[in-house]
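Data block below; observations after.
The values are calculated or read from the model by the stated rules, or taken from the named source; none is laboratory data. Values in this document were obtained by computation on a predicted structure and should not be read as measured data. Here the Cβ positions follow ideal geometry from the backbone for every residue, glycine too, while neighbour counts run over all protein chains shown.
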Amino acid sequence: MPRFQRVKANNLRDNVVAQLRQAIINGEFQPGDHLAETEVASQMGVSRGPVREAIQNLESEGLVMTIPNRGTYVATFSAEDIHELTSLRSVLEALAVRLALPNMTDEDVAELERLVKEMARAGRQGDLKTVVQRDLDFHELIFKKARHRRLYGVLRGLHFQIRLFISASSLLYTSQESVAETHIPIIEAVKRRDQAYAEATVVRHIYDVGEQMEQALREKDGAAPKRRTTRGHRASGRDGAAG
């Protein structure tokens, strides 16, 4: 069980949610771990009510699951779960980058470049936690610039699930140094201010990541790799952005 900070009275529920979520996506809990309400409440210095409310929030985000008469557990993922997340992300993030592009400033592009540099630095140092967080920050900046509140909420929840899987398993980042490079084409697409090219580049990035995750999970479980053609699901891009 991670060590939690005591919670102040203001923004009680949000504070509990934030601490629990961070512990989960940082990999301090493993998939399938039991989340003990009583111990969490005791460490944070709150009653079980706010913890229970926070758990309901995290359940809606797909980070935990509550089993009647047994308790709450950190979510687990199958290869099929990853395929569903990938296919859904590809549609929603393509929409997000299309909506975001007219709102992206030179300062936003500079921030994306800064995040990629930090990602690369953390990768060279073997700092998985920072790699994961900067990856999340990169995509979240695009979500915010889409200026679509409901889309932002859905995408943020999907990303929390992806980050939980990556942090807990380390299956995707076999070469942490290369993670930053996979985001460079997205920056180039944003610089062009070309919506079709940007959408295609983002979709390609998502499917490449998803395929790595599916393959890693199947290999871990000892199953034969399942060949899945995803190229047909991708948007047609320019300059080879999508196959």
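Residues in the range 146-167 that are modelled with pLDDT of 95 or more and among the basic types (Lys, Arg) were compared, and the one that is farthest from Ala75 (Cα to Cα) is Arg147. Taking the conditions exactly as written (part of a helix (DSSP H, G or I), surrounded by 15 or more Cβ atoms within 10 Å (Cβ to Cβ), at pLDDT below 90 and of a type in the set (Phe, Trp, Tyr)), does Phe143 satisfy them or not? Judged against the criteria, Phe143 is not a match.
Could you list, in sequence order, all residues of the range 1-51 that are free of Cβ contacts under 8 Å to residues at least 12 places away in the same chain, more than 23 Å from Leu136 (Cα to Cα) and surrounded by 13 or more Cβ atoms within 10 Å (Cβ to Cβ)? Across the range 1-51, the qualifying residues are Ala41, Ser42, Arg48, Gly49. Here Asp239 does not fit the description of being closer than 25 Å to Ala146 by Cβ and at pLDDT 80 or above.
Would you check if there is a residue in the range 99-114 being among the hydrophobic types (A, V, I, L, M, F, W, C), at pLDDT below 95 and buried (at least 16 other Cβ atoms within 10 Å of the Cβ)? Before the answer, list the steps.
Of all residues in the range 99-114, those among the hydrophobic types (A, V, I, L, M, F, W, C) come to 99-101, 104, 109-110, 112.
So of that shortlist, the ones also at pLDDT below 95 come out as none.
Checking the range 99-114: not a single residue is among the hydrophobic types (A, V, I, L, M, F, W, C), at pLDDT below 95 and buried (at least 16 other Cβ atoms within 10 Å of the Cβ).
Pairs needed: first member in the range 92-120, free of Cβ contacts under 8 Å to residues at least 24 places away in the same chain; second member anywhere, surrounded by 15 or more Cβ atoms within 10 Å (Cβ to Cβ) and of a type in the set (D, E, K, R); C-beta distance under 7 Å; at least 6 residues apart or different chains. If the second residue must be surrounded by 15 or more Cβ atoms within 10 Å (Cβ to Cβ) and of a type in the set (D, E, K, R), the pairs left are Glu118/Arg134.
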